[in-house]
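The values are calculated or read from the model by the stated rules, or taken from the named source; none is laboratory data. This is a predicted model, so every value here is computed, not measured. Using ideal geometry, Cβ is built from the backbone for each residue, glycine included, and neighbour counts are taken over all protein chains shown.
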Amino acid sequence: GNSVTQMEGPVTLSEEAFLTINCTYTATGYPSLFWYVQYPGEGLQLLLKATKADDKGSNKGFEATYRKETTSFHLEKGSVQVSDSAVYFCALRRGGYSTLTFGKGTMLLVSP
Amino acid sequence: EAGVTQFPSHSVIEKGQTVTLRCDPISGHDNLYWYRRVMGKEIKFLLHFVKESKQDESGMPNNRFLAERTGGTYSTLKVQPAELEDSGVYFCASSRGLAGGGNEQFFGPGTRLTVL
């Protein structure tokens, strides 16, 4: 079946540090890949996505590249801010289907 | 445009009681999804409505859960009777289009359910 594995948190960083949150997946076919973010007290928001191999999704300084050979979609940001503190979820959606399969989420805490 | 809203934001009930969660999707969105996150686990799909019809309910854990979407607008998710393992955060999401696939899902803030 489909599954998403992402690194355990919390990830604790100082402001302006480099961020990597690892995500790997297992899926049949050619899934689309997503990163969602949940800020405190809010719903999940789509952060970025990639729909085919070697695509790079980017938004708000975050990036992730769809790597089919390593079945990975790692989230990176060059310089985190306190306002980036949130829970980040990696997810996939199989082609032709609409439901999302999520990882467990990784909490990011950024201190000034 | 208002986002997806969910009511209540929190609910604490005793084991054996009944709870009804409500989701109001974004106006005009035909697709409505329910997901659940149990503490420390993945967010898992429960079911998918297209308008008032259940397109996929493969994620519903058992027959204590009943989802409805009368008139294809808001949806309710009833848990009766509630068990301890039902505790978690229930998310609702909606998206445009009849087919569902490929359209961004917009999520609500979730309802945190605690069963004591």
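Picking from residues in region A:82-112 that are over 19 Å from B:Tyr33 (Cβ atoms), surrounded by fewer than 15 Cβ atoms within 10 Å (Cβ to Cβ) and of a type outside the set (A, V, I, L, M), the one that is nearest to the chain's Cα centre (by Cα) is A:Ser83. Within region A:72-81, the residues that satisfy the criterion of being assigned to a loop (DSSP other than H, G, I, E, B) and either surrounded by 18 or more Cβ atoms within 10 Å (Cβ to Cβ) or in contact with a helix residue (DSSP H, G or I) (Cβ under 8 Å, 6 or more places away or on another chain) (or both) are A:Phe73, A:His74, A:Val80. Pairs please, first residue from region B:1-19 and outside any strand (DSSP E or B), second anywhere and surrounded by fewer than 11 Cβ atoms within 10 Å (Cβ to Cβ) and at pLDDT below 95, Cβ atoms under 8 Å, 6+ apart in sequence or on different chains. Partner pairs satisfying both residue conditions: B:Glu1/B:Ser27; B:Ala2/B:Ser27. Is it the case that A:Tyr30 is aromatic (Phe, Trp, Tyr) and in contact with a Gly (Cβ under 7 Å, 6 or more places away or on another chain)? It is true that A:Tyr30 is aromatic (Phe, Trp, Tyr) and in contact with a Gly (Cβ under 7 Å, 6 or more places away or on another chain).
If the condition is being touching a Ser or Thr at 6+ places or on another chain (Cβ under 7 Å) and facing another protein chain (nearest Cβ under 9 Å), then region A:102-112 contributes only A:Gly103.
Here A:Leu44 passes the criteria (1) in contact with a Gly (Cβ under 6 Å, 6 or more places away or on another chain); (2) closer than 26 Å to B:Gly97 by Cα; (3) in contact (Cβ under 8 Å) with a residue 24 or more places away in the chain except the one numbered (1).
Per the listing A:Ser72, A:Ser98, A:Ser58, the residue uniquely touching a His at 6+ places or on another chain (Cβ under 7 Å) and either without any contact (Cβ under 8 Å) to a residue 60 or more places away in the chain or on the phi > 0 side of the Ramachandran plot (or both) is A:Ser98. Of A:Gly1, A:Gly43, A:Gly9, A:Gly29, all but one fail to be at the interface with another protein chain (Cβ under 10 Å from one of its Cβ atoms) and modelled with pLDDT under 95; the exception is A:Gly43. Within region B:35-56, take every residue that is crowded, with 19+ Cβ neighbours inside 10 Å and in contact with a Ser or Thr (Cβ under 7 Å, 6 or more places away or on another chain) and give me the one that is nearest to the other protein chains (Cβ to nearest Cβ). Result: B:Phe45. Could you list all residues from region B:10-34 that are closer than 30 Å to A:Glu8 by Cα and within 9 Å of chain A (Cβ to nearest Cβ)? Result: B:Tyr33, single match.
Okay, residues lined up against (1) of a type in the set (Val, Ile, Thr); (2) within 14 Å of chain B (Cβ to nearest Cβ); (3) not in a loop (DSSP other than H, G, I, E, B):
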| site | (1), (2), (3) |
| --- | --- |
| A:Phe34 | no, yes, yes |
| A:Asp54 | no, no, no |
| A:Ala64 | no, no, yes |
| A:Thr70 | yes, no, no |
| A:Gly95 | no, yes, no |
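Where strands (runs of 3 or more DSSP E) fall entirely within region B:62-114, those with at least 1 residues that are basic (Lys, Arg) and more than 14 Å from chain A (Cβ to nearest Cβ) are at B:75-79. Filtering region A:59-88 to residues that are hydroxyl-bearing (Ser, Thr, Tyr) and in contact with a strand residue (DSSP E or B) (Cβ under 6 Å, 6 or more places away or on another chain) leaves A:Thr65, A:Tyr66, A:Thr71, A:Ser72, A:Ser85, A:Tyr88.
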